[in-house]
1. Which net charge results when you count Lys and Arg as +1 and Asp and Glu as -1 among the other residues whose beta-carbon is under 12 Å from that of Ala87?
2. Would you mind checking which residues have amide H under 5 Å from Val140's amide H? H placed 1.01 Å from N; only 5 or more apart, or other chain.
3. Quick check: net charge around Tyr115, other residues with Cβ under 10 Å of its Cβ, Lys/Arg +1 and Asp/Glu -1?
4. On average, how much area does the Cα convex hull of the range 69-144 cover when viewed from any direction, in nm²?
Amino acid sequence: MFRPTLSLTALTFALVLGGSALPAPPAESTKGTAKVTGNLVFPEKLEFLPGTMVEVILRENGKAGTPDNVLGKQVIRDAIGAPVPFAVEYDPAAVKPGVRYVIHARVFTNRGTRYQSAPDTPALTGKDTGRNLRVLMRPVGIRSETPP
């Protein structure tokens, strides 16, 4: 009975001529990330109830509510108290020249939205690198909204 065998020399020759016998590794993502950082500052010292959530969004100015204009978002679950530090990641390649960006933040409890940024804080402006922002928060009337 005849059994075909592949010698080490033949295998080496095949690899040199035909490339690797192993599949190529997947390409690494070239998407860069950067962060907008800072603190949410409240008018009084606060301790949040268990289950309090904070949502911080980096978005285009003046286009609230449209998902295609959000550059980054951070949800902080079980926030403890104020001030609340944040770090929102975003892709710098997605930043459009000449477009104004802001940080919009909300604090949710089991009773609805309790605080929101007012006004939204400019971010990624020509003079601002998006680091150590101070986002002023104000209380709002209880609005029944679904938290993030």
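1. Numbers: positive: Lys35, Lys73, Arg131; negative: Glu89.
Here the count lands on +2.
2. Tyr115, Gln116
3. Numbers: positive: Arg106, Arg114, Arg138; negative: none.
So the surrounding residues net to +3.
4. On the way: hull surface 23.2 nm².
Average of the hull's projected areas for the range 69-144 equals 5.8 nm².
Each value in this text was obtained by applying a stated rule to the coordinates, not by laboratory testing. It should be emphasised that the depicted structure is a prediction, and the values quoted were computed from it without experimental measurement. So basically every Cβ, Gly included, is an ideal-geometry build from the backbone, and we count neighbours across all protein chains shown.
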